[in-house]
Structures are given as C-alpha cells and as structure tokens.
Amino acid sequence: MSDREATPDRGFDPETVLADREARGLRRHRRPAEEVAARTRFAPDPKGDRPRFGRERLVFAANDYLGLADDSRVERAASAAAREVGTGAGASRLVTGDTRLHRALERDIAETKRTERALVFSSGYAANVGTIGALAPDVVFSDELNHASIVDGCRLSGTETVVYDHCDADALATVMAERARETDPTADERWLVVTDSVFSMDGTVAPLGAVCDVAERHGAWVMVDEAHATGLHEDGGGVVQREGLSDRVDVQMGTLSKALAAQGGYVAGDESLVELLVNEARSFVYSTGLAPPAAGAAREALRIAREGDLRESFWSNVEYLREGLESLGFDVLGDSHVLPVLVGDRADAVALADGLRELGVVAPAIRPPTVPDGTSRIRVAPMATHTADDLDACLDAFEAEATRLDLP
C-alpha cells in the first residue's frame, strides 16, 4: 500500500452539505440586484457572466427603511469622503486608520443616542461580538430571539448564557432571581442583559422599560441592539430614545447599514465604556477602520433622518400597509415597522413569495429553521420612498395571490 493510499481523508465535503440543504428546501441562493432602491431589477446569479436583468420589480424586502441608499445627498457625501479621505481607511483605527470623519460621525451618533461617546465598528456583527467579548460578563441573560451576532458574541466570549422567553420581562425576572439564589452574594460577578429593540423576523418590540426595571433590581447592565430602530424615531434615535431610556441602557448598539444606508456598526455609551472597547474589543482593535465613504454616507443619512420628514412618510406607509394587509384577512405579526405576514405552511409561504415576484413585488418567504415550524411568513418591509401607487400595487399582488392560493 502506498503512502498516498494510506493517507486518511480529513478534508471537507461542501457538496454533500449543499445537497442536504437542497433536499430539505433550505439552500440559499443569491439574487443580484442592479441597484439598491425601492424599485430595482433582479436577475439570476450570473456566476461570473454579465447579469441579464428582467423587468423592474417593487422591493418590499430591504432594510433601507428611509430609502436613503440611492439618495443623491448621501451619494454626494460618500463621494466627497472618497475624494477627501480615500476609499479605504488603510489600517486599524489604532494605527493610521482614524480620521476626522470617523470622529465626526461618532460625535453625531453620541448626540443622537444621548450618550457621552460612541465608537464605530466595521459592521454591526463586529460591534456585538466585540462588545460582549470586551465586557467579559460572568453571565448573559439573552432574549430567545436575539440576532445571531448576539448569540455568536455570547458563544465566542465563552460566557455562561441564560436564555429567557421572548419579550417577556417576567420571564427575565424569574431567571435572574434563580441565578441570584444560586450565587454567593459576596461574589464579584458581572451580569449583562442583552436584547434587540426591534426583532426583524417577528416585528416585535422589546419591553425595554420593564427589562431595565428587572436588571436594575439585580445591579445588572443592559445592552440593547437598535439595528432595526436607529434613525426611525425622534431626532434620528431608536426605541431607547422613544421610550426615554438613554440614561438607563448602559450599552446602545446599532448598525449604519439599514436606515442609515451605509455600512458598519456602532456602540454608544459612557466615556469609560468606549475607552474599554477601544482597548479590549478585538473586532475593533484588529480590523481596518470603517471605509471613509461609508462613514461619510452614514453621517449624511443620520443628518437627514434627524430632520424628520422622511420618518413621517415612513411611519405613514407602515400604517397604510399594515391596515391594508389586515383588511385582506392576513395576520400581520408584531407591533413595529417590520410586517411579518403569517402564512404557516412552508410550501404555501414559498408559493406566495414566488407569486408576488411574478406580479412584480419582491417580499421574501421566511421559513424554518429561521422561524419555528408552522410559522412560515412573508416579511414585508415598507420604505419611506414607496409611493401610494407602490403600496397599492403590493396590496393588489397580495390579494391576487391570496385568491389564487386560497389564503389566508
């Protein structure tokens, strides 16, 4: 037997994994878009060839809530940053990648979030993972539907994680009380409660005031992920600002890639928190600084968001679309701007999404394992830039497909 024949196969087999996902209806496929806008043309993945775009469709699937990704003011800000600073930061912020533009964006975020300071990361994912790791809590109390970046932050930090029932402050109180009974009161433990403010697949909003009440009874810190809320409330803030909780939430985290139409993430809080992250958050210390065009775009988008006109249009569109979908007999989950239309059966949800696409409306089917069995849904995300005709076209498509598929 030759040495080659005796060598065991310890390699990887991506094709088998992909085939298994395909068989279970779980394989994901990219759908390239020519542009990021309320209206965009979609094409199959060109796999290296030039894409061939079909007819234009209305997008009700983007997180570009204020429609600023193709706003000329934001585009000009990104272009100006590229000309004046460069297309890339060139190094970690702690080396030579820190610029006046980054500092200005952080000051604007801190002012909006009503904190002493803010720190910008290369992504929201990096912000969550780096912050939880830097805080190094002894235990994290985490909402059961928290974003994957929070889950991974807990895993990578190696901290003990206690999961509590979704948006249930009473359940949080129960698990924290149990932990308190099991813990030596003289032990120097650090406790962290982490929750999204808006949950992007269910449209639910965390009861942040009640969460703060429970955490404060146990001397714990509260960290809130405002990814799907930043820019959408008073003065461009999030749910934390809407509820008047800026002084009770210790760590405010968010993203620049949704309503702020750019890329990157941020953490806002006290001076000492930000200094700790500058020194201990590995995803900040060992990453190239945020690209200047993204920083310039985010800063301009935040300025526009704070003016309020687009926010008013956005919330008007949310209300109109929710009422319209409910009038058609659909069960629209949650109480936020994310409108999950409950279908139930996985196959029905996929058929509905495919039918909507054929009628010119892009709204994805969300199915297991992303959501529990029997709760497949269509996730509808209105934007401030959708016109009345766009909204009516969306509702007409839902009505036509509901009739064709005998839904709901």
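The values are calculated or read from the model by the stated rules, or taken from the named source; none is laboratory data. Everything numeric here is computed off the predicted structure, so don't read it as measured data. We place every Cβ from the backbone using ideal geometry, glycine too, and count neighbours over all the protein chains shown.
Could you look through the range 193-248, keep only residues that are in contact with a strand residue (DSSP E or B) (Cβ under 9 Å, 6 or more places away or on another chain) and of a type in the set (Asp, Glu), and pick out the one that is farthest from residue 377 (Cα to Cα)? Step by step, filter the range 193-248, then rank; the result is 216.
Figure legend. Inter-residue proximity from the range 337-352: first residues among the acidic types (Asp, Glu), second residues at pLDDT 95 or above, beta-carbon distance below 7 Å, spacing 6+ or different chains. Indicated pairs: 345/376; 348/405. Every listed requirement among (1) touching a Leu at 6+ places or on another chain (Cβ under 6 Å); (2) in the same structural domain as residue 146 (by TED's automatic domain parsing); (3) basic (Lys, Arg) is met by residue 303 save one, (1).
May I ask you to list the residues in the range 85-97 that are touching a residue at least 60 places away in the same chain (Cβ under 8 Å) and surrounded by fewer than 17 Cβ atoms within 10 Å (Cβ to Cβ)? Steps first, please.
Filtering the range 85-97 down to residues touching a residue at least 60 places away in the same chain (Cβ under 8 Å) leaves 85-94, 97.
Matches in the range 85-97: 86, 87, 88, 90, 91, 92, 94.
Could you identify the single residue in 125, 65 that is touching a Ser or Thr at 6+ places or on another chain (Cβ under 6 Å) and either modelled with pLDDT of 95 or more or not charged (D, E, K, R) (or both)? Reasoning before the result, please.
Working: 65 fails: touching a Ser or Thr at 6+ places or on another chain (Cβ under 6 Å).
Result of the check over 125, 65: 125.
So that you can scan it fast, the table gives a plain yes or no per residue for (1) at pLDDT below 70; (2) surrounded by 11 or more Cβ atoms within 10 Å (Cβ to Cβ):
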{"residue": "5", "(1), (2)": "yes, no"}
{"residue": "11", "(1), (2)": "yes, no"}
{"residue": "15", "(1), (2)": "no, no"}
{"residue": "24", "(1), (2)": "no, no"}
{"residue": "43", "(1), (2)": "yes, yes"}
{"residue": "47", "(1), (2)": "no, no"}
{"residue": "51", "(1), (2)": "yes, yes"}
{"residue": "55", "(1), (2)": "no, no"}
{"residue": "60", "(1), (2)": "no, yes"}
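Pairs meeting the criteria (first residue in the range 163-183 and touching a residue at least 60 places away in the same chain (Cβ under 8 Å), second residue assigned to a helix (DSSP H, G or I), beta carbons under 9 Å, at least 6 apart or on different chains) are lacking.
Quick check: is even one residue across the range 390-407 aromatic (Phe, Trp, Tyr), assigned to a helix (DSSP H, G or I) and modelled with pLDDT of 95 or more? Quick ask: steps written out before the conclusion?
Of the range 390-407, the ones aromatic (Phe, Trp, Tyr) are 398.
Retained after the next criterion (residues that are assigned to a helix (DSSP H, G or I)): 398.
Filter again for modelled with pLDDT of 95 or more, leaving 398.
Scanning the range 390-407, I find at least one residue that is aromatic (Phe, Trp, Tyr), assigned to a helix (DSSP H, G or I) and modelled with pLDDT of 95 or more, so the answer is yes.
Kindly check whether there is at least one residue in the range 210-223 that is surrounded by 17 or more Cβ atoms within 10 Å (Cβ to Cβ), of a type in the set (Val, Ile, Thr) and part of a strand (DSSP E or B). The answer is yes; a qualifying residue exists. Where residues in the range 160-191 are in contact with a Ser or Thr (Cβ under 8 Å, 6 or more places away or on another chain) and among the hydrophobic types (A, V, I, L, M, F, W, C), which of them is farthest from residue 229 (Cα to Cα)? Among those residues, the one meeting the criterion is 162.
Here residue 67 clears all of (1) part of a loop (DSSP other than H, G, I, E, B); (2) on the phi < 0 side of the Ramachandran plot except the condition numbered (2).
Only a single criterion out of (1) under 17 Å from residue 113 (Cα atoms); (2) out of contact with any strand residue (DSSP E or B) (no Cβ under 6 Å at 6 or more places or on another chain) is not satisfied by residue 265, namely (2). Here are some residues: 135, 145, 105, 119. Which one is touching a strand residue (DSSP E or B) at 6+ places or on another chain (Cβ under 8 Å), modelled with pLDDT of 95 or more and more than 13 Å from residue 267 (Cα to Cα)? Of 135, 145, 105, 119, the one residue that is touching a strand residue (DSSP E or B) at 6+ places or on another chain (Cβ under 8 Å), modelled with pLDDT of 95 or more and more than 13 Å from residue 267 (Cα to Cα) is 145. Checking each residue in the range 127-162 for being farther than 24 Å from residue 183 by Cα and either of a type in the set (D, E, K, R) or in contact with a Phe, Trp or Tyr (Cβ under 7 Å, 6 or more places away or on another chain) (or both) picks out 127, 130, 145, 149, 152. Here the strands (runs of 3 or more DSSP E) wholly within the range 84-201 that include at least 1 residues being more than 18 Å from residue 250 (Cβ to Cβ) are 117-121, 160-164.
Annotation for the range 296-317: at least one member residue is over 19 Å from residue 112 (Cβ atoms) and without any contact (Cβ under 8 Å) to a residue 60 or more places away in the chain. Listed here are the helices (runs of 4 or more DSSP H) enclosed by the range 235-342 that have at least 3 residues being closer than 24 Å to residue 125 by Cα: 239-242, 271-280, 282-285, 292-307.
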